[in-house]
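The values are calculated or read from the model by the stated rules, or taken from the named source; none is laboratory data. From a predicted model like this one, the values you see are computed outputs, not experimental measurements. Neighbour counts are summed over all protein chains in view; Cβ atoms, including those assigned to glycine, are modelled from backbone coordinates with ideal geometry. Side chains are part of the model used for accessible areas, which takes the heavy atoms of the whole protein and leaves out ligands, DNA and RNA. Shrake-Rupley method; radii C 1.70, N 1.55, O 1.52, S 1.80 Å.
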Amino acid sequence: DIQMTQSPSSLSAFVGDRVTITCRASQGIGSYLAWFQQKPGKAPKSLIYSASNLQSGVPSKFSGSGSGTDFTLTISSLQPEDSATYYCQQYNNYPPTFGGGTKVEIK
Amino acid sequence: QVQLVQSGAEVKKPGASVKVSCQASGYTFTSYYMHWVRQAPGQGFEWMGMINPPSGSTMYAQRFQGRVTMTRDTSTSTVYMDLSTLRFEDTALYYCARAPVPAAGLWYFDLWGRGTLVTVSS
């Protein structure tokens, strides 16, 4: 199975900061990478698919980039409602696998 | 409203079975695959398998083969996940997740349920 490694595992930033989360695959996955957000007690929410395509209805402050093995999720201006855990997921190889998550907190 | 509504929390003894339901609404049920993904306490996400609602065909992760059964009822837009021979380590949040039919690659999940907590306890 492909291993997905996220970094950092947690971060704390100020409102308005630009935040970047990294996801690395153990082998190349093309652009078959998705990002989603999870808040406690709520359904996970899809943010990005195909590495850089914004899911419908997701604010443009979220963006994704990368291909092959290295990917990033960027929040351009962090807001209180962005406090959550963010996960990446690869879907190039069977079975689909997930990163361990990055918990984002507001300072 | 486009949503997936899952059944309530369950407590089961080791060796028992559990059946979790997921009812879809607000979209054409047969136009998307449905998957099950679980998250054990403090752990990451683990893909369990999928069902293709029009045909009922399934694909299961190897580690759940023989223990999991996924079914669907197209009349109620509901999918079911049955996990048997429960072990303590099956304690987890079980999510249903919708996946667009891929033009290439496998599946990403564009809509999730809230999760169903299954606790295995003696």
Exercise. Evaluate the stretch B:26-40: report whether one residue or more is of a type in the set (S, T, N, Q), in contact (Cβ under 8 Å) with a residue 12 or more places away in the chain, in contact with a helix residue (DSSP H, G or I) (Cβ under 7 Å, 6 or more places away or on another chain) and open to solvent by 60 Å² or more (accessible area, probe 1.4 Å).
Key: no
Quiz prompt | Filter result (in contact (Cβ under 8 Å) with a residue 12 or more places away in the chain, closer than 14 Å to A:THR85 by Cβ and part of a loop (DSSP other than H, G, I, E, B)) within the stretch A:1-48 | solution = A:PRO8, A:SER9, A:LYS39, A:PRO44
Exercise. Look through the stretch A:1-46, keep the residues that are under 30 Å from B:SER7 (Cα atoms) and more than 10 Å from chain B (Cβ to nearest Cβ), and return whichever of them is surrounded by the most Cβ atoms within 10 Å (Cβ to Cβ).
Key: A:GLN37
Quiz item: Restricting attention to the stretch B:1-22, and to residues there that are of a type in the set (Gly, Ala, Ser) and exposed (fewer than 12 other Cβ atoms within 10 Å of the Cβ), which single residue is nearest to B:VAL120 (Cα to Cα)?
Solution: B:GLY15
Quiz item: Which ones in the stretch B:65-116 are part of a strand (DSSP E or B), surrounded by fewer than 16 Cβ atoms within 10 Å (Cβ to Cβ) and more than 10 Å from chain A (Cβ to nearest Cβ)?
Solution: B:THR71, B:ASP73, B:ASP82
Practice problem: Return the total of residues in the stretch A:60-107 being surrounded by fewer than 17 Cβ atoms within 10 Å (Cβ to Cβ), part of a loop (DSSP other than H, G, I, E, B) and either of a type in the set (Phe, Trp, Tyr) or within 13 Å of chain B (Cβ to nearest Cβ) (or both). | Solution: 1
Quiz item: How do the pairs read when you match residues in the stretch B:58-86 that are in contact (Cβ under 8 Å) with a residue 60 or more places away in the chain with residues anywhere that are acidic (Asp, Glu), using Cβ under 7 Å and keeping only pairs 6 or more apart or on different chains?
Solution: B:LEU83/B:ASP90
Self-check item: Criterion violated by B:MET50 - all others in (1) open to solvent by 40 Å² or more (accessible area, probe 1.4 Å); (2) part of a strand (DSSP E or B); (3) touching a residue at least 12 places away in the same chain (Cβ under 8 Å) satisfied
Solution: (1)
